1. Going by the conditions given, is residue 88 at pLDDT 95 or above, of a type in the set (D, E, K, R) and within 28 Å of residue 131 (Cα to Cα)?
2. Going by the conditions given, is residue 28 modelled with pLDDT of 95 or more and touching a Phe, Trp or Tyr at 6+ places or on another chain (Cβ under 8 Å)?
3. Residue 43 - would you say it is touching a helix residue (DSSP H, G or I) at 6+ places or on another chain (Cβ under 7 Å) and either in a helix (DSSP H, G or I) or in contact (Cβ under 8 Å) with a residue 24 or more places away in the chain (or both)?
4. Among the residues in the stretch 50-60, are any outside any helix (DSSP H, G or I) and modelled with pLDDT under 95?
5. Can we say residue 24 is of a type in the set (Phe, Trp, Tyr), exposed (fewer than 13 other Cβ atoms within 10 Å of the Cβ) and more than 17 Å from the chain's Cα centre (by Cα)?
6. Kindly indicate whether residue 111 is over 17 Å from residue 41 (Cβ atoms) and modelled with pLDDT under 95.
7. (1) within 21 Å of residue 110 (Cβ to Cβ); (2) surrounded by 16 or more Cβ atoms within 10 Å (Cβ to Cβ); (3) touching a helix residue (DSSP H, G or I) at 6+ places or on another chain (Cβ under 9 Å): which one isn't true of residue 36, the others all being true?
8. Name the one entry in 75, 81 that is under 30 Å from residue 132 (Cα atoms), out of contact with any Pro (no Cβ under 9 Å at 6 or more places or on another chain) and not polar (S, T, N, Q).
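The values are calculated or read from the model by the stated rules, or taken from the named source; none is laboratory data. As the structure is a prediction and not an experimental result, all values here were calculated from the model. Because the Cβ atoms are built from the backbone with ideal geometry, glycine has one as well, and the counts that use them run over all protein chains shown.
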Amino acid sequence: MSKLQSDISTMISQDDYRRFVQPFIREQCQKIDYTLYHLDGVGAMHHLPALLEIEELNAIQWTPGVGEPQGGSPKWYDLYKKILAGGKSVMACWVTLDELKPLLDHIGADGVHLEMDFHNEKEVEQAMRIVEEYTGSSTAVNTSMNINRMPTWQLPDRNVFVYGKNNTSKRIN
């Protein structure tokens with residue numbers, strides 16, 4: 001997976017984005033197997049339609065930005081639904097354990113990537129139980145976790161990214 005971004009997008013018009021940024025992003029997506037675009041902050045949201053037009057783009061990572069509720073907030077549910085309806089996976093950033101179930105209840109789990117912060121192994125196990133409710137069985141979830149790295153939980157054809165605060169590693173199958 002490669003993460004693509006254009007942080008200048010918050011400062012340019014939709015027309016300029018389509019003229020200068022969209023072709024560059026499309027070209028990168030054509031050369032990379034799996035791409036995720038980092039949509040950074042509410043100032044960049046108006047470029048979402050142009051991103052959804054890029055057929056080769058696989059996923060969009062939503063980072064709300066300073067002063068906004070983080071990725072698990074109900075404020076972003078409609079945004080996530082729009083991204084999913086546009087044929088892209090979505091990555092919600094900084095989802096808390098308390099936000100996980102309501103988020104998945106509203107948008108489903110298919111095509112959803114999550115970036116979460118865990119403080120201990122018990123929280124990881126709680127999150128696993130919640131995720132298993134949406135995958136149908138514990139065997140459908142292949143979890144590999146290296147704390148303080150960008151570990152992945154693999155749902156069928158999907159990834160869930162998590163962060164932790166200690167230096168332990170764990171694999172749950």
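1. It is true that residue 88 is at pLDDT 95 or above, of a type in the set (D, E, K, R) and within 28 Å of residue 131 (Cα to Cα).
2. Numbers: modelled with pLDDT of 95 or more: yes; touching a Phe, Trp or Tyr at 6+ places or on another chain (Cβ under 8 Å): no.
In short, no.
3. Working: touching a helix residue (DSSP H, G or I) at 6+ places or on another chain (Cβ under 7 Å): yes; either in a helix (DSSP H, G or I) or in contact (Cβ under 8 Å) with a residue 24 or more places away in the chain (or both): yes.
Yes; evaluated as a whole, the condition is true for this residue.
4. Going residue by residue through the stretch 50-60, those that are outside any helix (DSSP H, G or I) are 53-60.
Those left that are additionally modelled with pLDDT under 95: none.
The answer is no; no qualifying residue exists.
5. Details: of a type in the set (Phe, Trp, Tyr): yes; exposed (fewer than 13 other Cβ atoms within 10 Å of the Cβ): yes; more than 17 Å from the chain's Cα centre (by Cα): yes.
Here the answer is yes, as residue 24 does meet what is asked.
6. yes
7. All conditions are met except number (3).
8. 81
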